[in-house]
Amino acid sequence: MKPGRDDVTRDDALLRRWDGVTARAARPPSSDLLARSRLATSGRGQFVAAAAALLVIAVGTAGVGVWISFRNGPIAGGSASPSSTPSAASALPSATEPPIASEAPTATPNPLALVLVALRQYEYVVEVHRIGAGGWVLTSERLMLSDGTSWRQCLDRPMPGPGTSGPWTPNTAAVVDVATIRVFAAADMLLSTDACATWSDVSLPIAPTGVSFGTMQIGFIAAAVGSNNLSAGIYRTADGGAHWVAMPTVKSVTRMPLANLRLAFADADHGWLTDGQTLWSTSNGARSWNATHLPVPISVSGSFDSVQVPVVGPAAEATVVAKYDRAPGMDGVSGQLVFYRTADMGAHWTAPAVVADPGMLMTAVVNSTTWVVADPETGSSVRATTDGGKTWHTTAVSQRWPFRASSMSFADPTHGWLIVDEPEPPCPQPSVGFRICDYAFVPPQHLVATDDGGATWHTVLP
Amino acid sequence: MMPLDLSASKTAAEPTRHRVDGSAATVAADARVFEAAYDQAWLPVFRFALAWTNDWAAAEDLAQEAFLRLWNRRDTVDWSEPVLPWLLVTTRRSATDRFRRLRRSLTFGVPVATAPDSDARLEWLDLRAGFGRLSPLERSALVLTVVEDLDAAAAGEILGIEANAVRSAASRGRQKLRGER
């Protein structure tokens, strides 16, 4: 801190005190750290061992020849190997250390290559979309696409290693539409119009947390802006993302800072914006917004807790799920989930289904009538409706997913993906010295899949 | 305090290495070069983590986390290059991850342990509430630019924002510390 000025203000005085006090912080011995490091890697090894065991089974099923051709056969042009099976791909042991980039990541041409994909040690899943037999997975570092039989790495922005310059930012959102793919990371949009072959980088006026394209060309981004993040800044593009125009901001209804704003547009004009607390709608392409009032069913006993971003469909349909419980603002509390539907772009809403939520019930809204719910804790059954909640079909889970599920996506009531997280390592307090936790190890995640409505699950990305 | 030197390499005790053979001698050399970096960079990393979190125990964890990551990557690190910027950026990124995970762990009732008390920590508790009125970005921008004496561009590199945004955040932070907002 720069030495002395005579006119020391309160802020200077506080900062000097902060400087003096924190400079005396005790540094734990590095030997403790290194000892802990050896312990902390063991958890991951257990899963790799399990994956290796699966590999033996999978190879036995799919055949050694298939395995070898899959492993050795990067195929130019990205066409999938028809002989490889998801179960063979699922059983690959993961890389234990991420590569160190030799330079800051940039949007470089990334030739389509059939690769065996495993989540890296510090890589975490941002978003998954099961589409048919395949789908796409956006992680903090990569975008990976699957046609159901194999994977290809569409974009790779590895976290740079020590000694490299330039900030790295995790991917935060993706819009995947056949050959046109947009990945958002901080205030950048990476755009490929040739199905991942080449990429361009567009600077954005904000670092969006919410992204939605109503048409191929007209899209919107949103982020909290303004003093204390009390407003939602929204920008619109009419040329696929090359140029962005500021739209009127939306003020927080609750006077609480906005966070994690999400957008969902059905077309160029109709869309929704939410921070999880308020659901705004627009019918004029974000020129104005109104808070949406959802018709809470009388069977709901708790208070409003949170609302998810709507899932829009064709023909003016949209579905949104809201939670009600007795402890708004607190996760993991038992309550009720209400599925709301509109068939006229939000002019009118109905509440066709109320589902009991033991705490962290996961939902996958496929379209305006097909919804899937599952409890990540018990994992004993998966429930699905295809008629907008009139009837629910329960599938007993006979072969459970490993670890604890955190999010899911279904293409239809039969085909789904689930992200599972390994447990946090223990964090004991030694009798002498500092507690050294394993926070260095972001709990490894894995992608598991079902093709029978949730009865059985198999690992797709180790 | 001297301005934070982001370009400082490790103490030149070891030549640049790009691979290890796993022998006892290599392991010992690894530990030496790591410890040199640890000695030099622990405090700025801890203080940055403290600025971001305003939580002493969390900052200790985050600093440990950053150095564990560095250790785990030691085989491929070019030790002739400065590691502090990487450590700080990693710390910021981890802080976000950490709170995501912390929130979840609180949800499921996992106890969050606290670090042992120390004189500095107890003194800092007096300051905590005042700094708690600032956002993580405002605290970090202030600490990096005023306490660590970095210029706004260098602080922006660490925080992942433009230099102007650093100045703005630091300015807002000052106002709040003065009690003007």
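The values are calculated or read from the model by the stated rules, or taken from the named source; none is laboratory data. Note that the coordinates shown come from a computational prediction; the quantities given were computed from them, not determined experimentally. Don't worry about glycine lacking a Cβ; one is built from the backbone with ideal geometry, like all the others, and counts go over all protein chains shown.
In the stretch B:69-81, which residues are facing chain A (nearest Cβ under 7 Å) and assigned to a loop (DSSP other than H, G, I, E, B)?
Those that are facing chain A (nearest Cβ under 7 Å) and assigned to a loop (DSSP other than H, G, I, E, B): B:Arg73, B:Val77, B:Asp78, B:Glu81.
Here is a list of conditions, (1) over 30 Å from B:Ala165 (Cβ atoms); (2) touching a residue at least 24 places away in the same chain (Cβ under 8 Å); (3) of a type in the set (Gly, Ala, Ser), and A:Gly134 meets all of them except one; can you say which number that is?
(2)
Yes or no: B:Phe46 at the interface with chain A (Cβ under 8 Å from one of its Cβ atoms), within 10 Å of the chain's Cα centre (by Cα) and modelled with pLDDT of 85 or more?
In short, yes.
Got at least one residue in the stretch A:140-152 being closer than 18 Å to A:Gln445 by Cα, modelled with pLDDT of 70 or more and assigned to a loop (DSSP other than H, G, I, E, B)?
Looking through the stretch A:140-152, at least one residue is closer than 18 Å to A:Gln445 by Cα, modelled with pLDDT of 70 or more and assigned to a loop (DSSP other than H, G, I, E, B).
Let's see how each residue does on (1) surrounded by 15 or more Cβ atoms within 10 Å (Cβ to Cβ); (2) more than 22 Å from the chain's Cα centre (by Cα); (3) modelled with pLDDT under 90; (4) not charged (D, E, K, R):
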{"residue": "A:Thr198", "(1), (2), (3), (4)": "no, yes, no, yes"}
{"residue": "A:Gly214", "(1), (2), (3), (4)": "yes, no, no, yes"}
{"residue": "A:Leu230", "(1), (2), (3), (4)": "yes, yes, yes, yes"}
{"residue": "A:Gly233", "(1), (2), (3), (4)": "yes, no, no, yes"}
{"residue": "A:Gly240", "(1), (2), (3), (4)": "yes, yes, no, yes"}
{"residue": "A:Asp275", "(1), (2), (3), (4)": "yes, no, yes, no"}
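Hey, among the residues in the stretch B:125-150 that are outside any helix (DSSP H, G or I), within 17 Å of the chain's Cα centre (by Cα) and surrounded by fewer than 24 Cβ atoms within 10 Å (Cβ to Cβ), which one's nearest to the other protein chains (Cβ to nearest Cβ)?
Residue satisfying both the conditions and the ranking: B:Asp149.
Please name all residue pairs, on different chains or six or more residues apart, with Cβ atoms under 7 Å, provided the first residue is in the stretch B:137-156 and is outside the structural domain of B:Leu50 (by TED's automatic domain parsing) and without any contact (Cβ under 8 Å) to a residue 40 or more places away in the chain and the second residue is in a helix (DSSP H, G or I) and not hydrophobic (A, V, I, L, M, F, W, C).
Close Cβ pairs satisfying both conditions: B:Glu138/B:Arg172; B:Glu138/B:Gly173; B:Glu138/B:Lys176; B:Ala141/B:Gly173; B:Ala152/B:Thr145; B:Ala152/B:Arg167; B:Ala155/B:Thr145.
For the list (1) under 18 Å from B:Ile161 (Cα atoms); (2) within 8 Å of chain A (Cβ to nearest Cβ); (3) at pLDDT below 85, I need the number of the one condition that B:Thr96 fails.
(2)
Looking at this structure, is A:Asp267 over 30 Å from A:Trp199 (Cα atoms) and of a type in the set (Asp, Glu)?
No; evaluated as a whole, the condition is false for this residue.
Which condition number in (1) modelled with pLDDT of 75 or more; (2) farther than 30 Å from B:Arg178 by Cβ; (3) more than 7 Å from chain A (Cβ to nearest Cβ) is the one that B:Val112 fails?
Every condition holds for B:Val112 apart from (1).
Residues that are of a type in the set (Val, Ile, Thr) and within 18 Å of A:Ala286 (Cβ to Cβ), at least 1 per element: which strands (runs of 3 or more DSSP E) completely within the stretch A:182-274 meet that?
A:210-213, A:219-225, A:231-237, A:245-251, A:271-274
Give the residue that is modelled with the lowest pLDDT, with candidates limited to residues of the stretch B:5-43 that are of a type in the set (Asp, Glu) and either touching a helix residue (DSSP H, G or I) at 6+ places or on another chain (Cβ under 6 Å) or assigned to a helix (DSSP H, G or I) (or both).
This residue is B:Glu14.
Name the residue that is surrounded by the fewest Cβ atoms within 10 Å (Cβ to Cβ), counting only residues in the stretch B:51-60 that are touching a residue at least 40 places away in the same chain (Cβ under 8 Å) and part of a helix (DSSP H, G or I).
B:Ala57
Tell me whether the stretch A:414-431 contains one or more residues that are farther than 26 Å from A:Ala327 by Cβ, in a loop (DSSP other than H, G, I, E, B) and modelled with pLDDT of 85 or more.
Scanning the stretch A:414-431, I find at least one residue that is farther than 26 Å from A:Ala327 by Cβ, in a loop (DSSP other than H, G, I, E, B) and modelled with pLDDT of 85 or more, so the answer is yes.
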